[in-house]
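Read-outs throughout are calculated quantities, based only on the coordinates presented, and are distinct from any laboratory measurement. On a predicted model such as this, the values are computed, not experimentally measured, just so you know. Please note: Cβ atoms are built from the backbone with ideal geometry, for glycine as well, and neighbour counts cover all protein chains shown.
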Amino acid sequence: MNGFKRICAVIMGMVLLVAGILKLMDPVGSGLVMEEYFKFLHIGFLRPAARILASVFALFESLLGAALIAGVWRKVIALVSGGLLIFFTLLTIVLYIAQPAMDCGCFGEAVHLNHAQTLLKNLILDALWCLAFIPIGKLGLPQRIKYVSFSLAAISLVLFLLFSALSIPLRDYTTFKPGTELDETPLSFYDANYEYADSLAMEGDVMVISAYDADKLEKEDTERIAAFAEQASANGFTVLYLVVSTPDEIAEKGLNPMLLTSTYFGDRKELMTLNRSNGGVTYISDGQIIRKWSFRSMPNDNVELTTLKSKDPMDVLLARQNRTRALFQGFTLYLFAVLLLL
């Protein structure tokens, strides 16, 4: 019987851990979902803190999942997870009744559930909780080594969050993920005359620099972006600088001439979807998204850009996808191995 209870707890933990990891991997996207919840609950004054709160919650969810799998602090974890599931269930009942036009964000961008599916998922987790922890006084004790395995997993999850906060998602599940054809999923932007210029991203090798919060970029950040734009242009790439500001606001900023002549304007949420980094770079070849870089990791010398230009875009796409897939799968398997086998 105790074995069956542990299996139920482990299944719950796996769901929470995976859901937490997928949100930790994409703090910007998680922040957007949190903003939608704040809007629905009429607590929009919390929007400035949405990204931080979303990251904290994702870390809490993944740590709770890890604790359930490891089986540590069983009574405390039972009470905490039970309280969380009650909150989730009540919230999803409200969402199911109200049917707002929003995604639950339970699994980040990787899996999209409607409100009925989200409610069913939570009811299943509620049932698993009852099977795992009732009666709550007979939960048994974990082996001491499990506290070590949980500690290793916890440290790894914190480091993963720090890595994600400084980069773009290791795996991209957005509508503008690498491999996307822009003729099927259009990227819309317009020039200073308010005329759409989408076709500029459809031909040849294009480097799109997107800044969804250009006002937050320091002068040295803008200079670095301008230097990259100049190098990319010299290596035969078409450079597009997409921002959310209006043409009049950009004119007042006195941008570097290299950026000013390449500046176009787009929707904030669309630019955040295109690249999660503020000042991120997206490589597009003949209308297909090939690769993305965060602001901190954009190609910074002519050698790298020349090498990139000489390679077949599909080779670049596949090599990057294989690497990020292997890294993400390796990290996930490492966590489960530490929690289950140690």
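A few points about this structure:
- Euclidean distance between Cα centres, segment 19-50 to segment 51-106, Å: 14
- Helical contribution to [θ] at 222 nm, DSSP H n ≥ 4, -39,500 (n - 2.57), averaged over the chain, rounded to 500: -19000 deg cm²/dmol
- Under the convention that each Lys and Arg Cβ holds +1 and each Asp and Glu Cβ holds -1, the size of the dipole of segment 1-150 around its Cα centre is about 700 debye.
- Among Leu327, Leu113, Leu41: highest mean-square fluctuation, GNM of the chain, C-alpha pairs under 10 Å: Leu41
- The charge dipole of segment 217-342, taken about its Cα centre with unit charges on the Cβ atoms of Lys, Arg (+1), Asp and Glu (-1) only, comes to about 600 debye.
- Nearest 10 degrees, 0 to 90: helix 145-165 Cα axis against the chain principal axis: 20
- Across the chain, C-alpha contacts under 8 Å between residues 6 or more apart give a mean separation that, scaled by the residue count, equals a relative contact order of 19 percent.
- GNM result for the chain, Cα springs below 10 Å: residue of Gly44, Gly287, Gly105 fluctuating most strongly: Gly44
- In the chain, a dipole from Cβ-located charges (positive for Lys and Arg, negative for Asp and Glu) runs towards its positive end, and of Val208, Tyr96, Pro178 it is Tyr96 whose Cα lies farthest in that direction.
- Normalised by the number of residues in segment 189-310, the average gap of Cα pairs under 8 Å and 6 or more apart makes the relative contact order 35 percent.
- Of the residues Gly82, Phe265, Leu166, the one whose Cα sits farthest toward the positive end of the charge dipole of the chain, with +1 on the Cβ of Lys and Arg and -1 on the Cβ of Asp and Glu, is Gly82.
- Shown for segment 189-310: lysine pairs separated by 8 or more places, or found on different chains, whose C-alpha atoms are under 24 Å apart, numbering 9.
- Using alpha-carbon coordinates, inclination of helix 2-24 to the longest axis of the chain, degrees: 20
- Distance cut-off 18 Å, percentage of C-alpha pairs in segment 189-310 lying past it: 46
- Highest-fluctuation residue, Arg74, Arg268, Arg144 considered, GNM on the chain with Cα pairs under 10 Å: Arg144
- For the chain, dividing the convex hull volume of the Cα atoms by the residue count gives 149 Å³ per residue.
- Charged-residue dipole, Cβ positions (Lys, Arg, Asp, Glu), the chain about Cα centre, Debye nearest 20: 2540
- Cα-based helix-to-principal-axis angle, 74-98 vs the chain, degrees rounded to 10: 60
- Label-point separation in nm, Asn114 to Tyr147, each point 7 Å along Cα→Cβ: 4.8
- Under-5 Å amide H pairs with Leu242, H placed in peptide plane, nonlocal only: Ile209, Ser210, Ala211, Tyr264
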